[in-house]
Amino acid sequence: MLHYSCDICKRPIVAGTDLRHVVKIEVFPAVEDQSCGCPSGTSSHDDVDNLDEMQELLERLDESELADLEDDTRSLRFDLCDACRQRFVKNPLGMKGGKQLDFSNN
Ligand SMILES: [Zn+2]
């Protein structure tokens, strides 16, 4: 029999007694679709310029940066007890106090 514990308060979650909630968070970089970057109706010599720019871009974006992009993707999974689930949905990012308009604190 599997035993779970709450990832926030560490309380054991007993199957059949406590409600267990699973939170899944996916974090990944938003990459805009650049497949249609070429303006339509360009003449051939403009295309050559675009190809040069593309080549420069590809040279700047080397393999290590592409690997970093992969590494930015995170899929997180948490088990929460019912009490922590209620707190989580009210404040998913764990912001302090919940006062989101308090920018003048200096
Ligand atoms: Zn909890």
Problem set entry | FRET efficiency estimate (nearest 0.05) - Cβ-Cβ, Lys90 to Val14, R0 22 angstrom | 0.35
Problem set entry | Hz values of 3J(HN,Hα) by residue in region 3-18 - Karplus curve (6.51, -1.76, 1.60), Gly and Pro given as x | 10, 10, 9, 5, 6, 9, 9, 6, 5, x, 9, 8, 4, x, 10, 9
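Tell me, what is the FRET efficiency for Tyr4 and Val31 to the nearest 0.05, using R0 = 41 angstrom and their Cβ-Cβ distance as r?
Details: r = 35 Å, r/R0 = 0.85.
According to the calculation, E is roughly 0.70.
Read-outs throughout are calculated quantities, based only on the coordinates presented, and are distinct from any laboratory measurement. Owing to the predicted nature of the structure, the values given are computational and were not obtained by experimental measurement. No Cβ is skipped: glycine too gets one built from the backbone with ideal geometry, and neighbour counts run over all protein chains shown.
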